[in-house]
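Enquirer: Pasting in a structure now, in structure tokens, and then I'll have a few things to ask.
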Amino acid sequence: MTTPIETGAAIASRSAGIYDRVARSLHWLVAGLAVIVVALGWAIRGSPRESGSRELLLMLHRSLGLLVIALILFRGWWRLSHSPPPLPASLMRLEVWAAHATHLLLYVFFVLLPLSGYINAATAGHAVSFFGIFTIPPLIAENPRLSQIANGIHLAGQFLVYALVAVHIAAALMHGLIRHDGVFERMLPRRRAG
Ligand code: HEM
Ligand code: HEM
């Protein structure tokens, strides 16, 4: 499907059977940021309460987490307005369905997880600083019960995300290393083509 805002480069990528440059760049940017955000999240727990290092880790974790929401929402919009190339015909219907379901869940969880982090902070009455550049005030009224629930979702939700990402990476490697059917290459960075 071609939409009015699609560029020639995006259309060229699709005919070459790969995701367009914006989709590929956003994919690897979000994947890289996710690793950093999770590492920072774990480091928060290990740092002493009320310490300057904890505050710094929290600020970086929250800021990068908010950046992930913004990027994933933009990515979702980009995806809806720029359809990817069709998958190889060798894939079974069940595999295509499983790939779409996993991708959709990745989008959903990469919004829900950071959102639960923000709701936890906001309902505890905390403003969230974005790299110290500007501050997002609590946009939801203080509510200790909701804050606890959001924190629970944030802490438990990480394991669903790990499971989803593990399945996703395993599938990508299976296509790249065992099947050699071009599915893995669709998302790889490359110098030429859209
Ligand atoms: C993609 C985005 C995010 C991911 C993957 C993520 C993941 C994590 C992980 C893995 C932890 C460590 C949990 C543990 O110790 O077991 C954590 C902690 C935390 N996150 Fe996030 N997070 C994200 C975004 C956010 C955002 C946007 C905020 C707030 C605005 C936030 C606030 C917090 C806080 C306050 C903690 C410490 C919780 C505690 O130790 O009680 N996170 N996060
Ligand atoms: C080393 C880690 C990763 C590898 C090797 C990888 C690989 C891939 C590959 C090969 C595709 C294209 C599948 C196709 O041809 O349809 C893809 C798509 C996708 N990946 Fe990853 N990925 C990784 C990490 C992540 C992470 C952390 C996320 C979290 C947001 C993610 C989210 C997605 C989504 C949502 C799609 C579907 C794109 C779309 O159609 O909109 N990936 N990935």
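Enquirer: Compute the helix-to-body angle for 52-81: its Cα long axis versus the longest principal axis of the chain, expressed 0 to 90° and rounded to tens.
Expert: 30 degrees
Enquirer: So which GluC sites (Glu not before Pro) in the stretch 41-131 are both in a DSSP loop and have at most 11 other Cβ atoms within 10 Å of their Cβ?
Expert: Counting only loop positions with at most 11 other Cβ atoms within 10 Å, the GluC sites (Glu not before Pro) in the stretch 41-131 are E50.
Enquirer: On to the next question. Longest exposed-loop-site-free stretch of the chain, with trypsin sites (Lys or Arg not before Pro), DSSP loop and at most 12 other Cβ within 10 Å? Mind showing how you got there, number by number?
Expert: On the way: sites that count: R49, R190, R191, R192.
That would be 50-189.
Enquirer: Springs between alpha-carbon atoms under 10 Å, Gaussian network over the chain: tell me which of P88, P144, P48 tops the mean-square fluctuations.
Expert: P48
Enquirer: State, to one decimal in nm, how far the label point of L160 lies from the label point of W78, with both points 7 Å from Cα in the Cβ direction.
Expert: It is 2.5 nm.
Enquirer: How far is the Cα center of the stretch 19-36 from the Cα center of the stretch 54-96, in Å?
Expert: 7 Å
Enquirer: How far is helix 144-173 tilted off the main Cα axis of the chain, in degrees rounded to 10, range 0 to 90?
Expert: Taking the Cα atoms of the chain, the angle to 144-173 is about 30 degrees.
Enquirer: What is the helix-to-structure angle for 21-46, meaning the angle in degrees between its Cα long axis and the longest Cα principal axis of the chain, kept from 0 to 90 and rounded to the nearest 10?
Expert: Roughly 30 degrees between the two axes.
Enquirer: Sticking with this one: Debye calculation, C-alpha points only, no solvent: report log10 I(q)/I(0) for the stretch 1-51 at q = 0.12, 0.14, 0.22 Å⁻¹, in the same order as the q values.
Expert: These q points yield log10 I(q)/I(0) values of -0.48, -0.55, -0.82.
Enquirer: Further, regarding this structure: Given an 8 Å cut-off on Cα distances and at least 6 residues of separation, report the relative contact order of the chain as a percent.
Expert: Worked out over the chain, it gives 26 percent.
Enquirer: Would you compute, for the Cα atoms of the stretch 10-187, the largest minus smallest coordinate along each principal axis and list the three values in descending order, in whole Å?
Expert: Cα extents, longest axis first: 55, 28, 27 Å.
Enquirer: For the chain, with a Gaussian network of springs between Cα atoms less than 10 Å apart, report the residue from I36, I178, I11 with the top mean-square fluctuation.
Expert: Greatest mean-square fluctuation among the candidates belongs to I178.
Enquirer: OK, next. Compute the normalised compactness of the stretch 104-152: alpha-carbon radius of gyration over 2.2 N^0.38 Å, N being the residue count.
Expert: 1.21
Enquirer: Just how large is the dipole of the stretch 10-187 about the Cα centre, in debye to the nearest 20, putting +1 at every Lys and Arg Cβ and -1 at every Asp and Glu Cβ?
Expert: 120 debye
Enquirer: Any chance you could get the radius of gyration and Dmax over the Cα atoms of the stretch 130-194, in Å?
Expert: Rg and Dmax of the stretch 130-194, Cα atoms, are 20.0, 53 Å.
The numbers here are math on the coordinates, done by the rules we state, and not lab data. For clarity, every value in this text was computed on a predicted model and none was experimentally measured. No Cβ is skipped: glycine too gets one built from the backbone with ideal geometry, and neighbour counts run over all protein chains shown.
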